[in-house]
1. Starting at the first residue of the range 232-248, write each ³J(HN,Hα) from the Karplus equation 6.51 cos²θ - 1.76 cosθ + 1.60 with θ = phi - 60°, in whole Hz, x for Gly and Pro.
2. Given the Cα-Cα distance of Leu80 and Ala246 and 0.36 nm per residue of separation, how much length would full extension add, in nm?
3. Would you work out if the range 1-128 is rounded, prolate or oblate? Take a ≥ b ≥ c from the square roots of the eigenvalues of the alpha-carbon gyration tensor; rounded if a/c is under 1.5, else prolate when a/b is larger than b/c, oblate otherwise.
4. Taking the chain as the reference, fit the longest principal axis to its C-alpha atoms, fit the long axis of helix 123-136 to the helix C-alpha atoms, and give the angle between the two in degrees, 0 to 90, nearest 10.
5. So which lysines can Lys231 reach, going by Cα to Cα under 22 Å and dropping same-chain residues fewer than 8 places off?
6. Going by amide H atoms built from the backbone, whose H comes under 5 Å of the H on Glu174, apart from near neighbours?
7. Would you mind classifying the chain by shape? Square roots of the alpha carbon gyration tensor eigenvalues, ordered a ≥ b ≥ c; an a/c under 1.5 is rounded, otherwise it is prolate if a/b is larger than b/c and oblate if not.
8. Taking Cα centroids, how far is the range 116-139 from the range 2-37 in Å?
Amino acid sequence: MNQSKFFVDFQNITVTHNNTTILHSISIQIPDGEHIAILGPNGSGKSTFIKTLLRELYPVYSEKGSVFKIWGQETWDVFLLRSHFGYVSQDLQFTFNRIISGREVILSGFFSSIGLFFHTITPEMERKADDICNFLEISHLIDRPFSEMSTGEARRFLIGRALVHDPQVLILDEPSNSLDLNALHMLRRSMRKVASKTAIILVTHSLQDIIPEIKRVILFKNGTIYKDGQKEDVLSDESISDAYDAPVSILYDKGYYYATGY
């Protein structure tokens, strides 16, 4: 892999889908290893940015020129590129609808499958799964059927599944959806542990998901980057109110930000 100080280097990138422009001439650079939060209301372009990052979508030609590099490379084998990422989403959780254990969920990450079929599980894979469960503090749940876990427990096993290949970047897409307060607490605890060893891209519309280790916030609105900077600057009453078109007050408490008053 080409070494570059920038994990992402996008300049003047426009993305369309079904003849609709979703991202409008965005420019963004993300240093390798940096934790960031992608924040914004529904339809603001967050998911499209991630799909462009993973090369599920591509930018359109620009006469003004553009830069479309990931880790310093313009051209990638998409399967090789995606092997450098771990990805967790609510949609992925919905696909695990068969009766399988937490252990099988994590082991399936080695094969990018939904559960295990005729795959050969090596002792090294078993050890890796056990290590991940210990790291995420979910070893006591490893033999429980995935379908019987709470939403929060299941979400943490999907994080474990995403970590089996030691990805350089873990993408968490709306990770706190449908979680109660205890589950949110445990999720944030797991996220903080992961952040000690793996770069995180957090995609969310909920400020309370942003763990203290994330110092930079990129705020999307209407397919553009509305604000990009240190979170204490971006997470202001004015910026969040304007981005979400709602009268919002921002509170800070013990390393976390919360939106109130809407």
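1. My calculation for the range 232-248 gives 5, 8, 6, 8, 10, 4, 5, 5, 5, 4, 5, 5, 9, 6, 8, x, 10 Hz in order.
2. Numbers: separation 166, 0.36 × 166 = 59.76 nm, distance 4.16 nm.
Contour length minus Cα-Cα distance gives 55.6 nm.
3. Working: a/c = 2.46, a/b = 1.76, b/c = 1.40.
Prolate, since a/c reaches 1.5 and a/b exceeds b/c.
4. Tilt of helix 123-136: around 60 degrees.
5. Lys5, Lys46, Lys193, Lys197, Lys215, Lys221, Lys254
6. For Glu174, whose amide H was placed from the backbone, the distant partners under 5 Å are Val203, Thr204.
7. Details: a/c = 1.90, a/b = 1.29, b/c = 1.48.
Oblate is the answer for the chain, as a/c is 1.5 or above yet b/c matches or exceeds a/b.
8. 34
Since every read-out is calculated from the coordinates, none of them should be taken as a lab result. On a predicted model such as this, the values are computed, not experimentally measured, just so you know.
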